[in-house]
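Derivation of every value follows stated rules applied to the coordinates shown; laboratory data play no part. For clarity, every value in this text was computed on a predicted model and none was experimentally measured. Using ideal geometry, Cβ is built from the backbone for each residue, glycine included, and neighbour counts are taken over all protein chains shown.
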Protein chains: 2
Amino acid sequence: MESQFIAWLRERLPPHPLLRLGLGDDAAVLRLAEADECVLTVDLLTDHVDFELSEVDPRQVGRKALAANLSDLAAMASRPLAAVIALALPRRGGMDLAVQLYEGLLPLAEQYDLAIAGGDTNSWDGPLVVSITLIGTLTERGLLRRDRARPGDRIVVTGSFGGSILGRHFDFEPRVREAMLLMERYRLHAGIDVSDGLSIDLAHLVQESGCGAVVQTAAVPVAGDAHRFARQLADGSTPLDHALADGEDFELILAVPPDEAQRMLAEQPLEVPLTAIGRFVAEPGLWQIDAEGVQCRLQPQGWQHEF
Amino acid sequence: MESQFIAWLRERLPPHPLLRLGLGDDAAVLRLAEADECVLTVDLLTDHVDFELSEVDPRQVGRKALAANLSDLAAMASRPLAAVIALALPRRGGMDLAVQLYEGLLPLAEQYDLAIAGGDTNSWDGPLVVSITLIGTLTERGLLRRDRARPGDRIVVTGSFGGSILGRHFDFEPRVREAMLLMERYRLHAGIDVSDGLSIDLAHLVQESGCGAVVQTAAVPVAGDAHRFARQLADGSTPLDHALADGEDFELILAVPPDEAQRMLAEQPLEVPLTAIGRFVAEPGLWQIDAEGVQCRLQPQGWQHEF
């Protein structure tokens, strides 16, 4: 029952200094301190699309739903402040499921000192839906946008790509701290997180920026999972294909001026590797250059909601 | 296709002075001006629970989803600033449906000068889900909470109750301006909006406030719809039963000190009537007194999510 669940959650949630008013009223009241702008993002995940509830621990689903949202804040170099969480729960076993979803996401919220400001918990005859809205602030270095990449900028990525379906799409670490640290120490022109796929998210970035990009395919950091997944499928796809198209890597693609990129790559200030995989160009579109220097169009591939 | 829909929406949305960055990036950036606190609320509506998509114009669904959320801000006496909107669309006809949902909610957003800051638009094989998160600010008179009703306060309500299922649950006006005006002119102790039902939401209010309430049933403003609905059902239920239990009236219940209540009722400062329907008492629980002065327990009834 909804009121039982809310009672459980109020008991479970530690008080948070940002919350003047948390669960239990019609809305939450969040202290913003000196912030004069806030960053807002929402992500909705559904059973059979973003996860298969029958095949996973619901705690992983809860964690993923929050982590995917945090990745969107990372893509803005925003510091997370608070979350509101809306659930549509299958009628049968909904209370247990809700508890497990929260048990999965609360440790991540604590890790990022995120206030759980409120929620809406519903039951219905449909499959599980989890929708999380996050609010964040900007650091003093400002905002990392999608639409500011300039020709000549280097394409720099965090981590490695491909085959996240083998498990990484549940236990990835959103690049929140990494984005804030990079924004603090380097001049970044633009950035996006890779949720749909390295090539399609790069296409989103160049489209918003009104430019193009050339990817050196030999430089793309291919995840071990991409190799394993290509072997498992044995359908002729290569590990590189998976790195470019699989999605849910939740790494960052950054547009960095050449001198800054050089410094950043030399310093490697993160625990996760930074790699330059090409450069932005004036002509709109995506190209790839292979190890032999042959250049051709790169067809953006990845996840798109068709409706 | 998601990108086509986003292109349509970006075209459709007027620029909003509060939005430094709207649709098209990983997150939106909202100007908060001098606000040092914000109010956050989320509401998730699902097909077959909150509406029957096959029986209504999707524009009504879009409007209701936003209006129900606005009602939560009204219950805090908060001024709406911005919305983020997450959709799970059935795969077939999803683009048309998304357009119609927005066509229903956008006029209401414009009416309240609300910025549509962003969203997440998904497709899946399940029924329609609409989840809206609103962010608002507080006026100088502060916050209308649930947990501050005091014994002796009058129970004052806006509008009338019952039978909203006949249509009012789609075209109700959220009491946003009314709440701000009352908060500005009168000393209010507590408030809640009636989404689940007059008696159950009053029960929520007294539970949070640690007190009780006595309702004079003869004073409860019974909507014309409650009479019509009772006649239609012809199951022995009375119009008053419907006024107390139906829910989705989206009117306000306020706890007002007696002198203030007297002034407020005499002045009737709203277009919608204000009615005193009883008083708060020290002993926890709900009671009703009928026209003959007979007092008995009032069983809170209304909508509860069972899971």
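What's the whole-number percent of alpha carbon pairs in segment A:154-297 lying beyond 24 angstrom? Don't jump to the answer; show the numbers that get you there.
Working: 2829 of 10296 pairs.
When all Cα pairs of segment A:154-297 are counted, 27 percent exceed 24 Å.
Among the DSSP beta bridges whose two residues both lie in the protein assembly as shown, what percent are antiparallel, rounded to the nearest 5?
On the way: 90 of 122 bridges.
Bridges in the protein assembly as shown are about 75 percent antiparallel.
Tell me, how many Å apart are the Cα centres for segment A:120-185 and for segment B:197-215?
42 Å
Which longest uninterrupted range of chain A lacks any GluC sites (Glu not before Pro) assigned by DSSP to a loop state (not H, G, I, E or B) and surrounded by at most 11 other Cβ atoms within 10 Å?
Numbers: sites that count: A:Glu34, A:Glu52, A:Glu140, A:Glu271, A:Glu292, A:Glu306.
Of all site-free stretches, the longest is A:141-270.
With θ set to phi - 60°, apply the Karplus curve 6.51 cos²θ - 1.76 cosθ + 1.60 along segment B:146-156 and write out the HN-Hα couplings as whole Hz, x wherever there is a Gly or Pro.
Karplus-based 3J(HN,Hα) across segment B:146-156 equals 7, 9, 10, 5, 10, x, x, 4, 7, 8, 10 Hz.
Could you give the length gained on full extension between B:Ser54 and B:Ile165, defined as 0.36 nm per residue of separation minus the Cα-Cα distance, in nm? Spell out each step's value before the answer.
Values: separation 111, 0.36 × 111 = 39.96 nm, distance 1.57 nm.
Net length gain for the segment: 38.4 nm.
Could you give log10 I(q)/I(0) at q = 0.08 Å⁻¹ for the protein assembly as shown, computed by the Debye formula over C-alpha point scatterers of equal weight, without solvent?
-0.58
What list do you get for B:Met183, B:Met76, B:Met95 if you sort them by fewest beta carbons within 10 Å?
Working: B:Met183 22, B:Met76 28, B:Met95 17.
Fewest-to-most Cβ neighbours within 10 Å comes out as B:Met95, B:Met183, B:Met76.
Arrange B:His242, A:His48 by Cβ neighbour counts within 10 Å, fewest through most, would you? The partial results should precede the final answer.
Working: B:His242 26, A:His48 13.
Lowest count first: A:His48, B:His242.
In whole angstrom, how long is each semi-axis of the equivalent ellipsoid of segment B:262-307, when you take the square root of 5 times every eigenvalue of its Cα gyration tensor and sort them from largest down? Intermediate results must be reported in sequence, preceding the final value.
Values: eigenvalues 136, 70, 24 Å².
One finds semi-axes of 26, 19, 11 Å for segment B:262-307.
Among B:Val84, B:Pro17, B:Val56, whose Cα lies farthest out toward the positive end of the dipole of segment B:2-138, if unit charges sit on the beta carbon of Lys, Arg (+1) and Asp, Glu (-1)?
Result: B:Pro17, furthest along the dipole toward the positive end.
On alpha-carbon atoms, Rg over Rh for segment A:93-235 using Kirkwood Rh? Display every interim value, and only then the final one.
On the way: Rg = 18.6 Å, Rh = 18.4 Å.
Rounded to two decimals, Rg/Rh equals 1.01.
So if each residue of separation counts as 0.36 nm, and I subtract the Cα-Cα distance between A:Ala266 and A:Arg187, what length gain in nm does that give?
Numbers: separation 79, 0.36 × 79 = 28.44 nm, distance 1.50 nm.
Taking A:Ala266 through A:Arg187 to full extension adds about 26.9 nm, to one decimal.
Put a label point 7 Å from Cα along the Cβ direction on B:Asp96, then list its distances to the equivalent points in the other copies in nm, shortest first.
Relative to the other copies, B:Asp96 has label-point distances of 4.2 nm.
So, R0 is 56 Å and r is the distance between the beta-carbons of A:Asp96 and A:Asp259; what FRET efficiency does that work out to, to 0.05? Before the final figure, lay out the partial values.
Working: r = 55 Å, r/R0 = 0.98.
With R0 = 56 Å, the Cβ-Cβ based efficiency is 0.55.
Kirkwood Rh, segment B:61-143, all Cα pairs: how many Å? Could you put the intermediate results ahead of the total?
Details: mean 1/r = 0.0753 Å⁻¹.
Value: 13.3 Å, from the Cα pair sum.
Over the alpha-carbon set of segment A:203-284, work out the extent along each principal axis and list the three values in angstrom, largest first.
Result, largest extent first: 41, 32, 21 Å.
At each listed q (0.11, 0.12, 0.19 Å⁻¹), what is the log10 of I(q)/I(0) that the Debye formula gives for segment B:2-138 modelled as equal alpha-carbon point scatterers?
Once normalised to I(0) and log-transformed, intensities are -0.37, -0.44, -1.10.
Roughly how many debye, to the nearest 20, is the charge dipole of chain B about its Cα centre, given +1 on each Lys and Arg Cβ, -1 on each Asp and Glu Cβ, and no other charges?
On the way: 26 positive and 46 negative charges, 110 e Å.
The dipole of chain B has a size of about 520 debye.
Label 7 Å along Cα→Cβ of B:Arg20; segment A:124-161 residues with amide nitrogen under 13 Å?
Hits in segment A:124-161 for B:Arg20 at 13 Å: A:136-145.
Can you give me the convex hull volume of the Cα atoms of chain A, divided per residue and expressed in Å³? Before the final figure, lay out the partial values.
Numbers: hull volume 43.6 nm³, N = 307.
Convex hull volume per residue, Cα atoms: 142 Å³.
Please report, for B:Gly210, the nm distances (one decimal) from its label point, 7 Å out from Cα along the beta-carbon direction, to the equivalent points in the remaining copies, shortest first.
Computed spacing set for this position: 6.0 nm.
Which order results if A:Thr41, A:Thr238 are arranged by neighbouring Cβ count within 10 Å, fewest first? Please report the intermediate quantities before stating the final value.
Details: A:Thr41 29, A:Thr238 14.
Ordered by Cβ neighbours within 10 Å, fewest first: A:Thr238, A:Thr41.
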